[in-house]
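Accompanying notes for the structure given below.
The values are calculated or read from the model by the stated rules, or taken from the named source; none is laboratory data. Being a predicted model, the structure only gives us computed values, none of them experimental. Methodologically, a virtual Cβ is constructed for each residue, glycine included, from the backbone with ideal geometry; neighbour enumeration extends over all protein chains shown.
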Amino acid sequence: MMIASKPLRVGIVGAGPAGATLACLLAKKGVDAVFFDDGKRPDMVVGESLVPRLVNVFRHLGIEEEVAKLGTYKPGVTWIFDENDALELSFTAMRGVLPTYAYNVPRREFDDLVHETALKAGARFIPCDVKLQVGTTERGEKVPRLSPETLALVPDWKGQQPDLLVDASGRRRLFAKLLGIKAAIGDRKDVSHFAHYENCEMPKPEGQAVITRLKHGWSWRIPLRNALSIGVVFDKEHAKQYGKTPEEQLEAVIDQNKPLAEACMKRKRITPVTTYANYQLISEQAHGDGWVCVGDAFGFVDPMLSPGLCMAMTSAEELAEAIVKNRPGNWDRAFQNYLDWFRDMLCAWQELVDLFYGGHIFALQRTGTRMSQMFPGKISMIMQRHFEKNISGMAGGGLTNHPYSRNLLRFMTRFAIYDENPADYAVV
């Protein structure tokens, strides 16, 4: 008589999109996935404008129809880099690489949807203030462990630690703080203020997000179903020039920058102003004996191109594959491969973002427009479409770390900018 093997037991600390996505995908594969969280969520969360790569994740989870109902259809992005010029990116340029659209979503409702999807898949949610403690393996390695009182909340585990413990705690980085793991911090340390507004105008096409380079920093405008999300990102010292409070600073930036002022003359703010710290971080270590990180708990980059939620949910996909396709004895190698991919993606996103901040993308666009006018014809058109497909595929999350696309962009921004100075278009 054969004895059925027990399902893998995976404890996930955190119930945001990364943790809930991982719990959902593991539960679908028969894993006993339990995620723990205190359930506290702010009403306003950054990351409302999504990229096309996430549409594939929604299809994987079986929730695209629900996302479409609560969100708005997003056909592309426009970057306004001065009052007279803009870079328009239609997602149709990435046809054959990614879906040709994305969505803008209210994050509270979206996060709730992913959470409920995990529960429907069979994952279990334990609402609690998770308590962790440091354990030691037979080899003397310090590792995170669930405390006895937290384990007691899952009676059928009988006080035993799960086969795998996952840190999905986001920027709190609970495992790293517990174990004293350091991180590499990026150069920019900005502040972000945002709120939802009514009675604002948006350029066509309907649903697109608009990024505007400002005198100091940059802003976003994201159309939601019943509001327009407006946010500004700038250096903390620059922020002080616009007022003493977040409300004063956000309103002053809108009034003092022409593209925003003209579009928001009749605006009415319908939410409080929410403030976030904007920085970049990659942890020096993200897995060990019986534990691993997912999403922001490992790392995150600048939000200009909306990579945050994309990396949270795609990293959950990648980690789920590593867990279910490998025996626990092979997890060390599998997790190292997963984290190599994750680190490469974060670095690729940051490299792309840096080219926008440095003005190189806008200078290149200016050069390309002028060359197309000087040398019109089929060859010029083919070259332009080829470049647009690659840069849009990178910004959409499908070709972000593709070697050819990255090297093409490096070459073009180094050698194909003519009679333009990127510094003139830099975001400062």
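Quick look at the values:
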{"quantity": "Those residues of segment 342-388 which are aromatic (F, W, Y), in a helix (DSSP H, G or I) and free of Cβ contacts under 8 Å to residues at least 60 places away in the same chain, in sequence order", "calculated": "F342, W349, F387"}
{"quantity": "Members of segment 125-140 that are modelled with pLDDT of 95 or more, of a type outside the set (V, I, T) and either closer than 19 Å to V292 by Cβ or not in a strand (DSSP E or B) (or both)", "calculated": "C128, D129, K131, L132, Q133, G135"}
{"quantity": "Filter result for P303 (over 30 Å from E388 (Cβ atoms) and either assigned by TED's automatic domain parsing to the domain that holds G135 or not hydrophobic (A, V, I, L, M, F, W, C) (or both))", "calculated": "no"}
{"quantity": "Selection within segment 292-301 - touching a strand residue (DSSP E or B) at 6+ places or on another chain (Cβ under 7 Å) and either in a loop (DSSP other than H, G, I, E, B) or surrounded by fewer than 22 Cβ atoms within 10 Å (Cβ to Cβ) (or both)", "calculated": "V294, F298"}
{"quantity": "Count of residues meeting criterion [among the acidic types (D, E), over 22 Å from K240 (Cα atoms) and out of contact with any strand residue (DSSP E or B) (no Cβ under 6 Å at 6 or more places or on another chain)] in segment 181-205", "calculated": "1"}
{"quantity": "Residue in segment 389-398 that is under 21 Å from R213 (Cα atoms) and either among the β-branched types (V, I, T) or in the same structural domain as N56 (by TED's automatic domain parsing) (or both) present", "calculated": "yes"}
{"quantity": "Segment 317-346, residues that are under 30 Å from F387 (Cβ atoms) and out of contact with any strand residue (DSSP E or B) (no Cβ under 8 Å at 6 or more places or on another chain)", "calculated": "E317, E318, D340, W341, D344, M345"}
{"quantity": "Residue within segment 414-423 that is touching a strand residue (DSSP E or B) at 6+ places or on another chain (Cβ under 9 Å), within 27 Å of S219 (Cβ to Cβ), part of a helix (DSSP H, G or I) and not aliphatic (A, V, I, L, M) present", "calculated": "no"}
{"quantity": "Residue check, L346 in the same structural domain as G290 (by TED's automatic domain parsing) and more than 30 Å from G30 (Cβ to Cβ)", "calculated": "yes"}
{"quantity": "Filter result for E388 (farther than 30 Å from V294 by Cβ, buried (at least 16 other Cβ atoms within 10 Å of the Cβ), of a type outside the set (A, V, I, L, M, F, W, C) and in contact with a Ser or Thr (Cβ under 6 Å, 6 or more places away or on another chain))", "calculated": "no"}
{"quantity": "Residue that is surrounded by the most Cβ atoms within 10 Å (Cβ to Cβ), among those in segment 253-283 that are among the hydrophobic types (A, V, I, L, M, F, W, C) and farther than 14 Å from S229 by Cα", "calculated": "V253"}
{"quantity": "Answer residue from segment 78-109, given it is in contact with a Pro (Cβ under 8 Å, 6 or more places away or on another chain) and of a type in the set (F, W, Y) and is farthest from L399 (Cα to Cα) among those", "calculated": "Y101"}
{"quantity": "Residue in segment 164-172 that is in contact with a helix residue (DSSP H, G or I) (Cβ under 8 Å, 6 or more places away or on another chain), at pLDDT 95 or above and assigned to a loop (DSSP other than H, G, I, E, B) present", "calculated": "yes"}
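For (1) touching a Leu at 6+ places or on another chain (Cβ under 7 Å); (2) among the polar types (S, T, N, Q); (3) assigned to a helix (DSSP H, G or I), each residue gets a yes or a no:
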| position | (1), (2), (3) |
| --- | --- |
| E247 | no, no, yes |
| A261 | no, no, yes |
| A277 | no, no, no |
| P303 | no, no, no |
| A316 | yes, no, yes |
| A322 | no, no, yes |
| G329 | no, no, yes |
